[in-house]
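Report on one structure; see the data block that follows.
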Amino acid sequence: MAALDARSSEDTSSYRTDSVVDGSPPFKRSRLYLEKETEQSSNDFGAESGEAISEGQGGVETETHKAQRTGTIPYMASGVLQGQAPSVQHDLESFFYVLYLLPFSYNSPLPGRRLDDWPDTIEAWCTGDLYECGSRKKANILDDEWTFQQLKDNTSEEWRRDHRFFYRLL
C-alpha cells in the first residue's frame, strides 16, 4: 500500500470533516472512499510504485500517481482515521476490528445467522469527522474493561449458548 505523503499525517484539516454516517445500518453501508477534498478521484493502477502506466502506450507516465485511502470506517485503524500513514500495525488493527465486530454483526456464529444492528456504543465510531471517529475508537479499545463489557452486554444469546466458545472469545 502506498504511503501517504508526510503532509497528510500532519495536516488533518484537509480531510473531509462532514459526518460519515448516512443513516443506514452499519452492515449495509457501501464502502466509503476517503480522499482529500483537493485530490482528484483516481484509479489504483501504479499506486504501489507511485507511477501510473499509460494505457495507450504502455510506458510510464511522468506524473506520479498517489493512491487514495479507502476503507469502511468501523474496520479502519484508528491511526489511519486520524491521518497517519498506513502501516503493518494498522493492517493488524483493522483485522482485529473485523473479528471484534463479528458478534455484534450477526445474531449467531452458526449457519443460518442473520444480521443484527450494532449497539449505539459501536455506532458512535462512525459519527463525526474521521479524526473524531478515530479518537473515539482508540479511547474505547484501549480501555480493556469497556472492550470486554461490550461483548458481554451486547451479543445475542446464540453467541453465549456455547460457554466454552464464548469465553474463548473473551
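No value in this document is a laboratory result; all are computed from the given coordinates. Given the structure is predicted, the values throughout are model-derived calculations rather than measurements. Methodologically, a virtual Cβ is constructed for each residue, glycine included, from the backbone with ideal geometry; neighbour enumeration extends over all protein chains shown.
In table form, for the structure just shown:
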| read-out | value |
| --- | --- |
| Extreme residue, surrounded by the fewest Cβ atoms within 10 Å (Cβ to Cβ), among residues of the stretch 67-124 that are over 15 Å from the mean Cα position of the chain (by Cα) and part of a strand (DSSP E or B) | Leu115 |
| Complete set of residues in the stretch 77-121 that are among the polar types (S, T, N, Q) and in contact with a helix residue (DSSP H, G or I) (Cβ under 7 Å, 6 or more places away or on another chain) | Ser78, Gln82, Gln84, Ser94, Ser105, Asn107, Ser108, Thr121 |
| Filtered residues of the stretch 151-165 (kept if under 12 Å from Arg113 (Cα atoms) and assigned to a helix (DSSP H, G or I)) | Glu158, Trp159 |
| Selection within the stretch 136-170 - among the small types (Gly, Ala, Ser) and surrounded by fewer than 16 Cβ atoms within 10 Å (Cβ to Cβ) | Ala139 |
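Table: residues versus (1) touching a residue at least 12 places away in the same chain (Cβ under 8 Å); (2) not basic (Lys, Arg).
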{"position": "Tyr131", "(1), (2)": "yes, yes"}
{"position": "Gly134", "(1), (2)": "yes, yes"}
{"position": "Lys137", "(1), (2)": "yes, no"}
{"position": "Asp143", "(1), (2)": "no, yes"}
